[in-house]
Amino acid sequence: MNHWLVKSEPEAYSWDTFTQEKGTAWTGVRNYQARNNLNQMQPGDLVLFYHSVSEKAVVGVAEVAGPAAPDATAEAGSPWVAVQLRPVQALARPVPLAALKADTRLHQLALLRQSRLSVLPVRPEEFDAVLELGQS
DNA sequence: GCCAACGTTGGC
DNA sequence: GCCAACGTTGGC
């Protein structure tokens, strides 16, 4: 099983909306590297849900509920794909970007190295470290 | 194939 | 509001 991180501006699509809707198709990704990551997702993979810009914190854990499929919001025949995500649980405490940066276990975190990419791989030990930071 | 111009993202 | 990083576009 692989681990990932997806970003969303909470003003555009928030964790709260995500949980209220009990999941969503993760559409709108228009970057080839991010698309490649989406293509590698498998049902059951766990995904950190990060609020960018206004909050800058990991706020919850989602699960890949379906494999990558053509993004219905993109032009037919385009290369863009989406996966189905569903919420697993909110973190007891959101983990701010500053806390990610401050933790030596997370110095290799892809988010910190490539902050603009919206779909990023996470190593299992990094995933565990973030969950630990998110415990109350 | 190179590179300047430009647009977008996201942290500060 | 600014700016760094980075992707895309288009002229040459």
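Overview of results
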quantity: Extended-chain gain in nm, criterion 0.36 nm per residue less alpha-carbon gap, A:THR17 and A:HIS107; calculated: 29.4 nm
quantity: Amide H within-cut-off set for A:VAL122, under 5 Å, with H built and near neighbours excluded; calculated: A:HIS3, A:TRP4, A:LEU5
quantity: Scaled radius of gyration (Cα, divided by 2.2 N^0.38 Å) that chain A gives; calculated: 0.98
quantity: Globularity ratio of the range A:48-109, using Cα Rg and 2.2 N^0.38 Å; calculated: 1.44
quantity: Cα lying deepest toward the dipole's positive end in the range A:3-133, options A:TYR13, A:SER118, A:GLY44, charges on Cβ; calculated: A:SER118
quantity: Likely footprinting exposure, A:HIS3, A:HIS51, A:HIS107, fewest C-beta neighbours within 10 Å first; calculated: A:HIS107, A:HIS3, A:HIS51
quantity: Unit charges at the beta carbon, dipole of chain A: most positive-side option, A:ALA65, A:SER54, A:ALA25; calculated: A:SER54
quantity: Likely footprinting exposure, A:TYR13, A:TYR32, fewest C-beta neighbours within 10 Å first; calculated: A:TYR32, A:TYR13
quantity: Charge dipole (debye, nearest 20) of the range A:3-133; +1 at Cβ of Lys and Arg, -1 at Cβ of Asp and Glu; calculated: 280
quantity: Between helix A:124-133 and chain A: long-axis angle, C-alpha atoms, 0 to 90°, nearest 10; calculated: 60
quantity: Selection from A:PRO87, A:GLN135, A:HIS3 lying farthest towards where the dipole of chain A points positive, charges on Cβ; calculated: A:HIS3
quantity: Additional length obtainable on full extension of the chain from A:ALA76 to A:GLN42, 0.36 nm per residue less Cα span; calculated: 9.9 nm
quantity: ³J(HN,Hα) computed for each position of the range A:76-86 - Karplus, 6.51 cos²θ - 1.76 cosθ + 1.60, integer Hz, glycine/proline x; calculated: 4, x, 6, x, 7, 10, 9, 10, 8, 10, 9
quantity: Chain A, helix-only ellipticity at 222 nm - DSSP H runs n ≥ 4, -39,500 (n - 2.57), divided by all residues, nearest 500; calculated: -6500 deg cm²/dmol
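Every number in this text was worked out from the coordinates using simple rules, so none of it is lab data. Only a predicted model underlies this, so the values are computations on that prediction, with no experimental measurement involved. All Cβ positions, glycine included, derive from the backbone under ideal geometry; neighbour counts span all protein chains shown.
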